[in-house]
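Pasting a structure here, questions to come.
What follows draws every value from the coordinates through simple rules; no lab data is involved. Computed from a predicted structure; not experimentally measured. Reconstructed Cβ throughout: ideal geometry from the backbone, glycine too, with neighbour counts over all protein chains shown.
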């Protein structure tokens with residue numbers, strides 16, 4: 001059994017192959033090892049997290065969520081509307097402009113979302129709230 005870290009990297013297999021790299025007086029493993037770990041350092045840390053819906057409005061595609069480490073503003077791209085107190089699971093990424101799939105734990109339905117803004121407080125997360133939707137009260 002090999003140990004995997006949070007990124008799905010099998011370090012036991014990496015150590016096995018590093019130990020078996022050719023080594024002679026004219027060849028060094030160091031550049032290969034440095035290159036390998038530089039590649040792994042850039043691998044994104046993506047893992048599913050849970051969040052609770054705090055606020056949503058029927059005519060607005062923006063939803064305010066509460067995660068363990070703060071609040072997030074997301075855009076929802078799905079037919080089924082999230083409701084307050086729904087728990088969703090997704091790989092939330094607020095710094096990358098890309099869609100992510102989420103699962104509503106209450107209904108089992110899946111949909112797409114995009115992280116818009118994240119903050120430690122509600123007011124920080126709502127800084128990017130569009131004027132087309134009426135923002136929730138603080």
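Filter region 65-105 down to the residues that are closer than 20 Å to residue 134 by Cβ, under 16 Å from the mean Cα position of the chain (by Cα) and buried (at least 19 other Cβ atoms within 10 Å of the Cβ) and list them by number.
Of everything in region 65-105, those that are closer than 20 Å to residue 134 by Cβ, under 16 Å from the mean Cα position of the chain (by Cα) and buried (at least 19 other Cβ atoms within 10 Å of the Cβ) turn out to be 65, 71, 72, 73, 74, 76.
Condition first: surrounded by 14 or more Cβ atoms within 10 Å (Cβ to Cβ) and assigned to a loop (DSSP other than H, G, I, E, B). Now tell me which residues in region 106-138 satisfy that.
109, 129, 135, 136
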